[in-house]
Amino acid sequence: MDAEPKTDRILVVDIARFYAIALVFYGHFIEELMLLKSPIAASQYKFIYSFHMVLFVVIAGYVAKESHVEWNFVKFLKHKFYTRLLPFIFFTLLMMIPPVFFNGKFYGLELPSIVGYGIGIVNTAFGLPSFCIP
C-alpha cells in the first residue's frame with residue numbers, strides 16, 4: 001500500500017508560482033520582439049508587465065516561512081546574500097562571456113569593448129542589470 005508523503009504545500013499556490021515564473025520568462029522573450037517594433041509583442045509585454053510582479057508579491061506572502069520572522073538583521077542579510085545576490089553575481093559573470101565571442105549590441109551595450117563592459121558593470125551596480133536581465 002503506497003502512502004503519499006504528508007506535505008504542507010498548497011497545490012494552487014504551486015501552480016500559480018509556475019505560471020508566474022513562465023510569464024516572467026515569456027515577458028523577457030517578448031521584450032526582445034517588442035524592441036524590434038512588433039505591435040503585437042508590445043501589447044503582450046505591457047499586459048504581462050502590468051501584473052506579474054504583483055502576482056509574485058502576493059504569492060510570496062503565502063509561501064513565506066514563519067521561522068524567518070524571528071531572524072535577526074545579520075542572519076536575514078546573510079541569507080539574502082547567499083540565496084539572491086550570489087546567484088545574481090554568478091549568472092551576471094556567466095552572461096558577460098558570450099559577448100566576447102559574438103559581437104554586437106547586447107542589452108544596449110556595444111560589446112565586446114572595455115567601455116561597453118564598464119558601462120554595463122556600473123549600470124548593474126546601480127540597480128540596472130545589463131548582463132543578466134532575466
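The values are calculated or read from the model by the stated rules, or taken from the named source; none is laboratory data. These numbers come from a predicted model, not from an experiment. Backbone-built Cβ (ideal geometry, glycine too); neighbour counts: all protein chains shown.
Please determine, by comparing only the residues of segment 95-134 that are touching a Phe, Trp or Tyr at 6+ places or on another chain (Cβ under 8 Å) and assigned to a strand (DSSP E or B), which one is nearest to L36 (Cα to Cα).
Step by step, filter segment 95-134, then rank; the result is F106.
Quick one: which residue in L77, L33 is in a helix (DSSP H, G or I), surrounded by 10 or more Cβ atoms within 10 Å (Cβ to Cβ), modelled with pLDDT of 85 or more and out of contact with any Ser or Thr (no Cβ under 7 Å at 6 or more places or on another chain)?
Answer to the selection: L77.
Which of the residues that make up segment 88-107 are closer than 13 Å to T124 by Cβ and either touching a helix residue (DSSP H, G or I) at 6+ places or on another chain (Cβ under 8 Å) or surrounded by 12 or more Cβ atoms within 10 Å (Cβ to Cβ) (or both)?
Residues satisfying the conditions are F88, I89, F91, T92, M95, M96, F106, Y107.
So which of I40, I15, I114 ends up being under 23 Å from F131 (Cα atoms), loosely packed, with under 12 Cβ neighbours inside 10 Å and out of contact with any Gly (no Cβ under 7 Å at 6 or more places or on another chain)?
Details: I40 fails: under 23 Å from F131 (Cα atoms); I15 fails: under 23 Å from F131 (Cα atoms).
Just one listed residue meets the conditions, I114.
Mind counting the residues in segment 56-104 that are farther than 16 Å from Y117 by Cα and either touching a Cys at 6+ places or on another chain (Cβ under 7 Å) or in contact (Cβ under 8 Å) with a residue 24 or more places away in the chain (or both)?
So the count comes out to 5.
Out of G120, G108, report the one residue that is over 30 Å from V13 (Cα atoms) and at pLDDT below 80.
G108
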